[in-house]
1. Residue by residue through region 75-88, note down the ones that are open to solvent by 100 Å² or more (accessible area, probe 1.4 Å) and either under 24 Å from the mean Cα position of the chain (by Cα) or of a type outside the set (Val, Ile, Thr) (or both).
2. Name the residues in region 52-68 that are at pLDDT 90 or above and more than 24 Å from the chain's Cα centre (by Cα), would you?
3. Output the residues belonging to region 43-64 that are part of a helix (DSSP H, G or I) and open to solvent by 100 Å² or more (accessible area, probe 1.4 Å).
4. Assuming Ile72 fulfils every condition listed in (1) part of a loop (DSSP other than H, G, I, E, B); (2) surrounded by 10 or more Cβ atoms within 10 Å (Cβ to Cβ) apart from one, which condition is it?
Amino acid sequence: MFLTLALLRKGIPGKQWIGKYRRPRQITWQMKRNTLKNLEREAENEYWISRPYMTAEQDHGHAAERRAKAWINIKEAKFANFPKYKHITDHLSHLRITKTWSS
């Protein structure tokens, strides 16, 4: 059907590389080589991923101490710039200048 359309119409309708009646791309030896390399790399990655670096017992809680220290450092950095606590009397002390019980 593609051949018939190409022969009768003297060309491919619309853009030749996209669409329903597009021209198929030629497969070169470089494309085959690259696909084979990618598949081999993927197979090797699957091989190494399937074998864990640590056992389940080693993996459980191995970073708890490091994460606790990091969390403490984050909290300390957060509160380092926090202003000191001020009592309400410090803010309102200027209002009690003339206040006396005797008058």
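1. Scanning region 75-88 gives Glu76, Lys78, Phe79, Asn81, Phe82, Lys84, Tyr85, Lys86, His87.
2. Glu65 - this is the single residue of region 52-68 that is at pLDDT 90 or above and more than 24 Å from the chain's Cα centre (by Cα).
3. Matches in region 43-64: Glu44, Glu46, Tyr47, Trp48, Ile49, Glu57, Gln58.
4. The number of the failed condition is (1).
The values are calculated or read from the model by the stated rules, or taken from the named source; none is laboratory data. The shown structure was predicted, so the numbers you read here are calculated from the model rather than taken from an experiment. Every residue, glycine as well, gets a Cβ built from its backbone with ideal geometry; the counts of neighbours run over all protein chains shown. Areas reflect the complete protein model, heavy atoms only, side chains present, ligands, DNA and RNA absent. Shrake-Rupley method; radii C 1.70, N 1.55, O 1.52, S 1.80 Å.
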